[in-house]
1. May I ask you to say which residue of S227, S141, S213, S220 is over 17 Å from the mean Cα position of the chain (by Cα) and surrounded by fewer than 20 Cβ atoms within 10 Å (Cβ to Cβ)?
2. Which strands (runs of 3 or more DSSP E) does the stretch 1-117 wholly contain that include 1 or more residues that are of a type in the set (S, T, N, Q), modelled with pLDDT of 50 or more and under 25 Å from D274 (Cα atoms)?
3. For L235, state whether it is touching a Lys or Arg at 6+ places or on another chain (Cβ under 7 Å), surrounded by 14 or more Cβ atoms within 10 Å (Cβ to Cβ) and either farther than 28 Å from T80 by Cβ or of a type in the set (A, V, I, L, M, F, W, C) (or both).
4. Working carefully through the options R265, R258, find the one that is of a type in the set (K, R), under 19 Å from Q292 (Cβ atoms) and either in contact (Cβ under 8 Å) with a residue 24 or more places away in the chain or touching a strand residue (DSSP E or B) at 6+ places or on another chain (Cβ under 8 Å) (or both).
5. Please give the number of the condition S204 fails out of (1) surrounded by fewer than 14 Cβ atoms within 10 Å (Cβ to Cβ); (2) closer than 26 Å to K44 by Cβ.
6. Collect the residues in the stretch 247-291 that are of a type in the set (S, T, N, Q) and crowded, with 18+ Cβ neighbours inside 10 Å, keeping them in residue-number order.
Amino acid sequence: MKYFLLSAIALCILACHSSSSEKKFIFSPEQGKKYLVSVKKENKSSWFYQKPQQRSDSVQLDMQLELIQTKDSLYQLALTFINYQIKEQVFLTHINAKNNTLTIVKADTVFSNATGKDDIMHLNYYLLKQTKGLSLKVWMSIKGEVIKVDGFDEIADSITRSSGYDRKDVGYILKEYVGEKTMTDYLNELFCIAPDYYEKAGDSWVKNITLISKAPVKLSSMYKLESIHGDSLFLSQDAAISGRAAENAEPFMLGSRRGKLVVDRKTGIPYSYDAVNDTKTKTSSYIIEETQHFSATVKQ
């Protein structure tokens, strides 16, 4: 009887310890910490229109996320812009009025180091520089899904006042780069990972997100927990990419993504994320083949 009681107590202690040490794999940013996020997208595309064409560009966004409050299982965060860099090829269009011909000439590669606000060619780069220190409000769930992004109008108003440019022009240019839909896509790609259950090595799960900043593109990801080392979860990602103008429409884009992630077990936030997309996009005249390298780091 005494042996039975001791065994029961030992099993109870072991079970309690095991239960207390387990934690659901959820998105759970910590109060008081500032997360420095750097995301880079490098694109290379090719197509045939009269002759083979190629294009390359890259975008790097550095920002800070800070938890403001938690309410009803939602996290409200402040997203503050630190730096936005663009590298892209510029194409100049020349129209010959005499013979009604149009020629497109590739100019030198332009970097986002605008020399001044009066340089019209660099207006978008100049305006993006002005976002430094400005913030959006973001609401996210425990699954890392973006529920709402707010504050773009205030940013556009502020930059309109400081730059002296027309409010419609400022809003139109900035919307593509830091608009609420664009930032929703950035955050969902990076943080919508956690399955919201107790994880163990070998587990796999599916997460579906729709990128909404342009024509809707669905990213359906199979994540697999390859291994656990201390506070780090090592994940692989195998995703299908599809774009449709409407639910039952023929896809205009098809492709895949392969990725590797290292995620903080405590917060569900990636330390690092490295992935490659390969897609084919059908236009009315040709098919664009594109490879995108998506990389991100998050530091505390």
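1. Within the list S227, S141, S213, S220, the selection yields S227.
2. 34-49, 51-71, 74-88
3. Answer is yes for this residue.
4. The conditions single out R258.
5. With respect to (1) surrounded by fewer than 14 Cβ atoms within 10 Å (Cβ to Cβ); (2) closer than 26 Å to K44 by Cβ, S204 is out only on (2).
6. Within the stretch 247-291, T267, N277, T279, T281 meet the criteria.
The values are calculated or read from the model by the stated rules, or taken from the named source; none is laboratory data. In this text the structure is predicted, and so the values were computed from the model without any measurement. Note: ideal-geometry Cβ built from the backbone for every residue, glycine included; neighbour counts use all protein chains shown.
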